Amino acid sequence: MTTRPLFAFCVLATLLAAGCAGQRRPPRGIGSEPSRDITIFVDNLDFNDARIYISTGGGRTRLGNVSGKTRERFTREWRLPTIGFEVDMLGGRNYRTQELAVTAGEAFDLLIQAGFVRLIPRGR
């Protein structure tokens, strides 16, 4: 007769554990909506530091700074159909890129050289 209380205890413990576990969320990236991030690689080949802005139709949003002769990587959430950049060279001129169509997950190279700035989509 000692097996019956042990069996009941095991069944109760199993049900209690199952009830406490609840429903788990899937890990990020599995079953969730796709990322809306874009990646911008800025390669500053000039000696001057550059302040980078994202052009957004009627305004601009600061992306960050890139020191002279360095390379930086930026990631931003993006939901608009096009993207453009403005580059203010510290102690120099200001430049503006053309606007390009952009989709989520895309990457761009922004190349800064003495006298010009070029925006290059990766993978096209």
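Specify which of the listed residues (Arg71, Arg76, Arg36, Arg60) is within 20 Å of Ala114 (Cα to Cα) and either out of contact with any strand residue (DSSP E or B) (no Cβ under 9 Å at 6 or more places or on another chain) or of a type outside the set (S, T, N, Q) (or both). Don't jump to the end; show me each part of the working.
Numbers: Arg76 fails: within 20 Å of Ala114 (Cα to Cα); Arg36 fails: within 20 Å of Ala114 (Cα to Cα); Arg60 fails: within 20 Å of Ala114 (Cα to Cα).
Only one candidate qualifies: Arg71.
Taken as a whole, the condition of being free of Cβ contacts under 8 Å to residues at least 40 places away in the same chain and buried (at least 18 other Cβ atoms within 10 Å of the Cβ) applies to Ile54.
Please tell me if Arg96 is among the basic types (Lys, Arg), in contact with a Leu (Cβ under 7 Å, 6 or more places away or on another chain) and surrounded by 12 or more Cβ atoms within 10 Å (Cβ to Cβ). Criteria not met by Arg96. For the range 99-115, the set of residues classified as within 17 Å of Ile52 (Cβ to Cβ), surrounded by fewer than 14 Cβ atoms within 10 Å (Cβ to Cβ) and at pLDDT 90 or above consists of Gln113 only. Scoring Gly105 on the criteria (1) assigned to a strand (DSSP E or B); (2) more than 13 Å from Asp46 (Cβ to Cβ) leaves a single failure, condition (1).
The values are calculated or read from the model by the stated rules, or taken from the named source; none is laboratory data. All values derive from a computational prediction rather than experimental measurement. Backbone-built Cβ (ideal geometry, glycine too); neighbour counts: all protein chains shown.
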